[in-house]
1. Under 8 Å between Cβ atoms, at least 6 apart or on separate chains: pull out the pairs that start in segment 1-19 with a residue that is without any contact (Cβ under 8 Å) to a residue 40 or more places away in the chain and polar (S, T, N, Q) and end on any residue that is surrounded by 13 or more Cβ atoms within 10 Å (Cβ to Cβ) and part of a strand (DSSP E or B).
2. Picking from 134, 145, 73, which residue would you name as being surrounded by fewer than 20 Cβ atoms within 10 Å (Cβ to Cβ), assigned to a loop (DSSP other than H, G, I, E, B) and touching a helix residue (DSSP H, G or I) at 6+ places or on another chain (Cβ under 9 Å)?
3. On the given criteria, is residue 100 part of a helix (DSSP H, G or I), in contact (Cβ under 8 Å) with a residue 40 or more places away in the chain and open to solvent by less than 10 Å² (accessible area, probe 1.4 Å)?
4. If only one of 159, 179, 138, 116 is out of contact with any Leu (no Cβ under 7 Å at 6 or more places or on another chain), under 22 Å from residue 8 (Cβ atoms) and of a type in the set (A, V, I, L, M), which one is it?
5. Looking only at segment 23-70, filter to residues that are among the aliphatic types (A, V, I, L, M) and open to solvent by 70 Å² or more (accessible area, probe 1.4 Å); which one of those is farthest from residue 129 (Cα to Cα)?
6. With respect to residue 113, determine if the residue is outside any strand (DSSP E or B), open to solvent by 10 Å² or more (accessible area, probe 1.4 Å) and on the phi < 0 side of the Ramachandran plot.
7. Here are some residues: 164, 184, 178, 230. Which one is closer than 16 Å to residue 132 by Cα and out of contact with any Cys (no Cβ under 7 Å at 6 or more places or on another chain)?
Amino acid sequence: MAIVSNTVGYLDDDTLLEAYFAVDDALEGQRPVVLICHAWGGRDEFVAEKARKLAELGYVGFAVDMYGKGVRGSGPEENAKLMQPFMEDRALLQKRILAALSAVKLLPWADEKRIAAIGFCFGGLCTLDLARSGADIAGVVSFHGLLIPSPLPTKKITAKVLVLNGNDDPMVPVDHVLALEAELTESGADWQIHTYGHTMHAFTNPVANDPDFGTVYNQIADKRSWQSLLAFLNEVFC
């Protein structure tokens, strides 16, 4: 095993973006790709580490950039300002994530017929909107993602959908879960939602420890959700 990583620039119109990717250079040929969508703070070490972990499993890990090269939030207030334009304009969000999908297909290791996307928090919403766009990918996975319905018409969803949600997540009201279930059913998607009891938002992030804000790490849910991801990837890429 020889994990190598680097950054690669790509464009969404005139916005320069910079993804982080990791691959096992000891393997030959093309392999499945997993896009990784960051939380509201921007592309950080958390998603870079996920890219390396996925590379160790034989995938191309590609941590996308939704905000722009070098753009990172320094705290909740700045993070919210960075995320807000995409929450207000879901067409912009879809366009930005589709730019990442186009970029990853240019990597020499990428098997463009076997692509999935995963995301955390805001990134979970990004993966769901990628599926809503009708993108021809194998599957999407949302980890404690925002399930806010989109005002855009949902196209036929061909990607399989896995949603991993904390039952006590204050950012995901029950009506959003029910609305998503109805939307995915109506769109004809192959979908599943796993709900973890006694689990709040950001349950995969070891530094999350703010119960008043609703973000708390949960080691058991973190482990279970990762195992669910691996089983899901094995299924959609077979």
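1. Close Cβ pairs (under 8 Å, with a partner that is surrounded by 13 or more Cβ atoms within 10 Å (Cβ to Cβ) and part of a strand (DSSP E or B)) amount to 6/20; 6/21; 7/18; 7/19; 7/20; 7/21.
2. Values: 134 fails: touching a helix residue (DSSP H, G or I) at 6+ places or on another chain (Cβ under 9 Å); 145 fails: surrounded by fewer than 20 Cβ atoms within 10 Å (Cβ to Cβ).
Residue meeting the stated conditions: 73.
3. Criteria met by residue 100.
4. 138
5. Here is the first cut: in segment 23-70, the residues among the aliphatic types (A, V, I, L, M) are 23, 26-27, 33-36, 39, 47-48, 51, 54-55, 57, 60, 63-64, 66.
Those left that are additionally open to solvent by 70 Å² or more (accessible area, probe 1.4 Å): 27, 57.
Working: 27: 32, 57: 26 Å.
Here the answer is 27.
6. Criteria not met by residue 113.
7. On the way: 164 fails: closer than 16 Å to residue 132 by Cα; 178 fails: closer than 16 Å to residue 132 by Cα; 230 fails: closer than 16 Å to residue 132 by Cα.
Being closer than 16 Å to residue 132 by Cα and out of contact with any Cys (no Cβ under 7 Å at 6 or more places or on another chain) holds for just one of 164, 184, 178, 230, which is 184.
Matching residues to (1) surrounded by fewer than 23 Cβ atoms within 10 Å (Cβ to Cβ); (2) part of a helix (DSSP H, G or I); (3) at pLDDT below 95:
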{"position": "127", "(1), (2), (3)": "no, yes, no"}
{"position": "154", "(1), (2), (3)": "yes, no, yes"}
{"position": "158", "(1), (2), (3)": "yes, no, no"}
{"position": "163", "(1), (2), (3)": "no, no, no"}
{"position": "168", "(1), (2), (3)": "yes, no, no"}
{"position": "185", "(1), (2), (3)": "yes, yes, no"}
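The values are calculated or read from the model by the stated rules, or taken from the named source; none is laboratory data. Since the structure is predicted, the reported quantities are computational estimates derived from the model, not experimental observations. Using ideal geometry, Cβ is built from the backbone for each residue, glycine included, and neighbour counts are taken over all protein chains shown. These area figures cover heavy atoms from the full protein model, side chains too; ligands, DNA and RNA do not enter into them. Shrake-Rupley method; radii C 1.70, N 1.55, O 1.52, S 1.80 Å.
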